[in-house]
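Trainee: Below is the structure I would like to discuss, written out as structure tokens.
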Amino acid sequence: MILGCGGHPEAMTDVPDRQENLDRCNCPGCPSNPDDGQAGLYCARGVSEVRVQTVGCICTTCPIYRQFGLADGYFCAVVPEMWDRARR
């Protein structure tokens, strides 16, 4: 599946966009990590500007995910409204 919205919406979570969080981020090792020049931390920065080939998600294994009590995954590809619609 290919997802992406073509732009960065406002941050999807309360995760601060800080270097110390980026240093602990698992995004660089993710099989779905888009080649968009962003180092990661999609949970704080929003979805990728490029389409994302969703071939696996490791968000739930990330220390940032656990620390901030995040839910769902594919923060690089899915805007919050998509999760809300999927739950209905």
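The values are calculated or read from the model by the stated rules, or taken from the named source; none is laboratory data. Keep in mind the model is a prediction, meaning the values are calculated, not measured. Note that we place each Cβ from the backbone using ideal geometry, even for glycine, and neighbour counts take in every protein chain shown.
Trainee: Do you know which residues across region 36-55 are among the hydroxyl-bearing types (Ser, Thr, Tyr) and out of contact with any Cys (no Cβ under 7 Å at 6 or more places or on another chain)?
Mentor: 54
Trainee: Which residue pairs have Cβ atoms closer than 8 Å, lie 6 or more positions apart in sequence or on different chains, and pair a first residue in region 28-40 that is charged (D, E, K, R) with a second residue that is in a loop (DSSP other than H, G, I, E, B)?
Mentor: 35/50; 36/48; 36/49; 36/50
Trainee: Separate question: Being modelled with pLDDT under 90 and not hydroxyl-bearing (Ser, Thr, Tyr) is the filter; apply it to region 12-28 and report the residue that is nearest to the chain's Cα centre (by Cα).
Mentor: 12
Trainee: Right, next: Restricting to region 22-41, what's the tally of residues that are in contact with a Ser or Thr (Cβ under 7 Å, 6 or more places away or on another chain) and either β-branched (Val, Ile, Thr) or closer than 17 Å to residue 69 by Cα (or both)? Let's see the steps before the verdict.
Mentor: Step one: filter region 22-41 for residues in contact with a Ser or Thr (Cβ under 7 Å, 6 or more places away or on another chain), giving 26, 32, 34, 36, 38.
Filter again for either β-branched (Val, Ile, Thr) or closer than 17 Å to residue 69 by Cα (or both), leaving 26.
Residues in region 22-41 being in contact with a Ser or Thr (Cβ under 7 Å, 6 or more places away or on another chain) and either β-branched (Val, Ile, Thr) or closer than 17 Å to residue 69 by Cα (or both): 1 in total.
Trainee: Further, regarding this structure: Look through region 29-62, keep the residues that are assigned to a helix (DSSP H, G or I) and among the small types (Gly, Ala, Ser), and return whichever of them is modelled with the highest pLDDT.
Mentor: Just the residues of region 29-62 that are assigned to a helix (DSSP H, G or I), to begin with: 29, 42-45, 59-61.
Narrowing the set further to residues that are among the small types (Gly, Ala, Ser) leaves 29, 44.
Details: 29: 95, 44: 92.
Step by step, filter region 29-62, then rank; the result is 29.
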